[in-house]
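So the structure is just underneath, and the comments pick up after that.
The values are calculated or read from the model by the stated rules, or taken from the named source; none is laboratory data. Everything numeric in this text was worked out from a predicted model, so none of it was measured. Note: ideal-geometry Cβ built from the backbone for every residue, glycine included; neighbour counts use all protein chains shown.
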Amino acid sequence: MGRTAASQVRLQYISSSGEEIVTTLAEAKAEEIVGGQPVRGFPSYAGMKHYPGWLWTATMKDHVGYESLLERDCLLLADMDQEVVAIASQPFGLTGRTGDTLHRHVPDYLLRRRDGTTVVIDVKPAAFLDEPRVAASLGWTSQVISEVGWRYEVWSGSDPIRLENVRFVAQGRRLNLIDQEALEALAATGAEGMNLDEALSAAARQFSAERAYLRSALLALLWFQVWRVDLDRPLSGRTQIEQVAGSRP
């Protein structure tokens with residue numbers, strides 16, 4: 001494959017106000033793109049074979065779109081990553097040439113990390129990665145994205161146990177729905193080496209309301225990783241708190 005200079009790649013995105021911005025990849029500013037709107041929508045219709053939708057994210061305090069359940073899982077992992085400070089879905093379109101070949105591509109996600117790193121992610125099922133058209137598109141995208149110093153990743157899934165745990169604790173990502181007294185009582189009670197049932201029982205002795213409030217608070221502490229646990233094993237009341245990383249979200 002030949003190479004395409006980033007200065008010769010057209011980049012189009014939609015600003016937060018809805019204005020179409022056309023520039024080059026070399027001149028694009030990730031911090032402006034990530035605050036914009038998706039360059040294409042997420043339609044749904046009877047009989048479609050994938051499941052698009054919108055996920056409310058703690059990172060953006062807003063909904064972020066996805067085109068499939070695989071993309072939703074990738075989005076959940078990005079949202080739970082405490083180093084990710086901004087997420088955009090279908091963030092921009094790229095157009096460029098390699099010789100006589102015209103490339104057009106819209107990546108699935110753009111992430112901004114706390115250290116200033118920009119990450120571009122394409123989500124593809126592993127079974128599709130060896131298809132010539134897919135491989136050519138992803139290879140070209142990887143080449144031009146890396147030229148401007150952004151990181152490029154192709155995501156095809158993760159450990160199913162970890163994903164199931166993340167989907168479960170995602171119920172705690174909306175702090176405005178968590179009882180604050182329960183959250184404070186549980187955060188003050190839990191300690192490294194305790195299991196989750198022990199922490200709940202200790203907090204229940206201090207907090208007189210329904211235990212369901214404490215369970216919701218527990219999910220928030222796990223989602224925001226105030227309490228670190230092993231998410232690669234099925235969660236249960238016997239799951240041990242491995243690290244307490246803060247006092248509360």
(request) Would you mind telling me which numbered condition in (1) under 25 Å from the mean Cα position of the chain (by Cα); (2) assigned to a loop (DSSP other than H, G, I, E, B); (3) of a type in the set (A, V, I, L, M) L55 fails? (result) (2)
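Among the candidates G47, G65, G18, single out the residue that is of a type outside the set (S, T, Y), part of a loop (DSSP other than H, G, I, E, B) and either within 20 Å of R112 (Cα to Cα) or without any contact (Cβ under 8 Å) to a residue 12 or more places away in the chain (or both).
Working: G65 fails: part of a loop (DSSP other than H, G, I, E, B); G18 fails: either within 20 Å of R112 (Cα to Cα) or without any contact (Cβ under 8 Å) to a residue 12 or more places away in the chain (or both).
Every option except G47 fails the conditions.
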(request) Answer yes if at least one residue in the stretch 21-43 is farther than 17 Å from E71 by Cα, in contact (Cβ under 8 Å) with a residue 40 or more places away in the chain, outside any loop (DSSP other than H, G, I, E, B) and not β-branched (V, I, T), and no otherwise. (result) yes
(request) Take D73 and decide whether it is touching a helix residue (DSSP H, G or I) at 6+ places or on another chain (Cβ under 7 Å), outside any loop (DSSP other than H, G, I, E, B) and not β-branched (V, I, T). (result) yes
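I need a count of the residues in the stretch 1-59 that are acidic (D, E) and either surrounded by 13 or more Cβ atoms within 10 Å (Cβ to Cβ) or outside the structural domain of M80 (by TED's automatic domain parsing) (or both). Show your work before the answer.
Step one: filter the stretch 1-59 for residues acidic (D, E), giving 19-20, 27, 31-32.
Then drop every residue that is not either surrounded by 13 or more Cβ atoms within 10 Å (Cβ to Cβ) or outside the structural domain of M80 (by TED's automatic domain parsing) (or both), which leaves 32.
Qualifying residue count, the stretch 1-59: 1.
What are the residues in the stretch 204-222 that are small (G, A, S) and either modelled with pLDDT of 95 or more or not assigned by TED's automatic domain parsing to the domain that holds F168 (or both), if any? Walk me through how you get there before you give the answer.
Start the filter on the stretch 204-222 by keeping residues that are small (G, A, S), which leaves 204, 208-209, 212, 216-217, 220.
Within the stretch 204-222, S216, A217, A220 qualify.
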(request) Those residues that are over 19 Å from V144 (Cβ atoms), touching a Leu at 6+ places or on another chain (Cβ under 9 Å) and free of Cβ contacts under 8 Å to residues at least 40 places away in the same chain, I need them from the stretch 84-128; list them, please. (result) V84, V85
(message) If I filter the stretch 99-120 for residues that are part of a helix (DSSP H, G or I), closer than 30 Å to L175 by Cβ and of a type outside the set (K, R), do I get at least one hit?
(response) no
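Per-residue answers, yes or no, for (1) farther than 24 Å from L231 by Cβ; (2) not hydrophobic (A, V, I, L, M, F, W, C); (3) not assigned by TED's automatic domain parsing to the domain that holds G172:
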{"site": "K61", "(1), (2), (3)": "no, yes, yes"}
{"site": "Y66", "(1), (2), (3)": "no, yes, yes"}
{"site": "P91", "(1), (2), (3)": "yes, yes, yes"}
{"site": "L94", "(1), (2), (3)": "yes, no, yes"}
{"site": "R97", "(1), (2), (3)": "yes, yes, yes"}
{"site": "D100", "(1), (2), (3)": "yes, yes, yes"}
{"site": "T117", "(1), (2), (3)": "no, yes, yes"}
